[in-house]
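Below is one structure; the comments refer to it alone.
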Amino acid sequence: MQIGSRRCILNPASGDGEHADYVPRLMAARGFKVYETESEGDAVELGREAGKAEASEVAVCGGDGTVNEVVRGLNDAGHLDSVTLSVIPAGTANLLAGNVGIRDIEHGVEVADTGDTRPVDVGVADNEPFLVSCIAGLPADASVSTPSDLKERFGTLSFLLTGAQEALRFDGLDITIAAVGEDGPFTWSGEATCLLVGNARKFVAEGGQANMEDGLLDVAIVEQMPAGNLVAEAIGQRLLALDTDGVTHVRADEITVDGHGAKLTFSRDGELSTHETLSLSVRETALTLRVGPGYEPNPK
């Protein structure tokens, strides 16, 4: 095996930080050279360096935000479709890991070494890749307002707690959405509480894993639901039922979101950006990802 062909990019500040003491030893024993981030943006540069070095495998130890940064770096280097990526969940939410059957840090280390591989879709928003989701509206605004100490105390529940506070002052989104869906062209225009676009995650029915190999994004437009009800549904782990009033669901491979001149805040796997207009698409089965035995290629 080429020296340096297996790399582990580790964020020692993710989650409770305890993984930083032992994950480097575990990964080194499996032939991974470990690179640690020191400040914001380091994971992008380390991903870019891994791509330029033509690393065959890159394991990311951190949360969804760290994974997103590494993916962006690999994409910048033109190496995203040539690498095998794996995820060691050490962040707050770890949505991607949970959706591809990785239970915890120790299991993630095992999967990074010998796990099965699957070709999965990569979502693209304004030419930037994402693996889990891209959202606008109340959830994105709540993620902006969630302080780090609250995340440490309450984990993923912190976003819901902040969301309940944000609901009291959130004005909604005045948007027009044009999409090319599995049933043909689709257009929606009006005021929405939020727009939820998932690649690895779906937001309707029981939520959970979306089909990451079908070339489609799972889109939910929450039109008229009171924000407090949205938070209550999220706490119940159901999020949105298919028959919830004011919810439009479509699966599409191309989406354009127009804010009618207003700047909209989007959270792309935790990475925040603002756009007056945003185009989203899918690069079908563009990434090789190591998955756990609980991963379902075609979830129901």
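The values are calculated or read from the model by the stated rules, or taken from the named source; none is laboratory data. None of the values given here were measured: they were computed from a predicted structure. Note that each Cβ is placed from the backbone with ideal geometry, even for glycine, and that neighbours are counted across all protein chains shown. Please note that ligands, DNA and RNA were not included when accessible areas were found on the heavy atoms of the full protein model with its side chains. Shrake-Rupley method; radii C 1.70, N 1.55, O 1.52, S 1.80 Å.
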- Task: Within the stretch 100-123, track down each residue that is open to solvent by 20 Å² or more (accessible area, probe 1.4 Å) and either within 21 Å of A210 (Cβ to Cβ) or not hydroxyl-bearing (S, T, Y) (or both).
- Result: R103, D104, I105, E106, E110, D113, D116, T117, R118, P119
- Query: From the residues in the stretch 87-136 that are touching a Ser or Thr at 6+ places or on another chain (Cβ under 6 Å) and among the small types (G, A, S), which one is modelled with the lowest pLDDT?
  - Reply: A93
- Can you give me the number of residues within the stretch 162-184 that are β-branched (V, I, T), touching a Ser or Thr at 6+ places or on another chain (Cβ under 6 Å) and at pLDDT 60 or above? 1
- Message: Yes or no: the stretch 137-146 includes at least one residue that is at negative phi, modelled with pLDDT of 95 or more, part of a helix (DSSP H, G or I) and crowded, with 24+ Cβ neighbours inside 10 Å.
- Response: no
- Taking the condition touching a helix residue (DSSP H, G or I) at 6+ places or on another chain (Cβ under 9 Å), open to solvent by less than 10 Å² (accessible area, probe 1.4 Å) and either in contact (Cβ under 8 Å) with a residue 12 or more places away in the chain or of a type outside the set (K, R) (or both), does G62 pass? yes
- Task: Working carefully through the options S267, S281, S273, find the one that is touching a Cys at 6+ places or on another chain (Cβ under 8 Å) and either surrounded by 15 or more Cβ atoms within 10 Å (Cβ to Cβ) or not β-branched (V, I, T) (or both).
- Result: S267
- Message: Scan the stretch 12-22 and tell me whether some residue there is closer than 19 Å to T84 by Cβ, open to solvent by less than 10 Å² (accessible area, probe 1.4 Å) and in the same structural domain as A93 (by the TED database).
- Response: no
- helices (runs of 4 or more DSSP H) fully within the stretch 32-136 counting 3 or more residues that are within 17 Å of P12 (Cβ to Cβ) and over 16 Å from the mean Cα position of the chain (by Cα): 42-52, 105-114
- Task: Determine whether G190 is open to solvent by less than 40 Å² (accessible area, probe 1.4 Å), farther than 25 Å from P297 by Cα and modelled with pLDDT of 80 or more.
- Result: yes
- Taking first residues from the stretch 271-300 that are without any contact (Cβ under 8 Å) to a residue 60 or more places away in the chain and more than 16 Å from D253 (Cβ to Cβ) and second residues anywhere that are of a type in the set (S, T, N, Q) and surrounded by 14 or more Cβ atoms within 10 Å (Cβ to Cβ), the pairs with Cβ under 8 Å that are 6 or more apart or on different chains are T274/T265; T277/T256
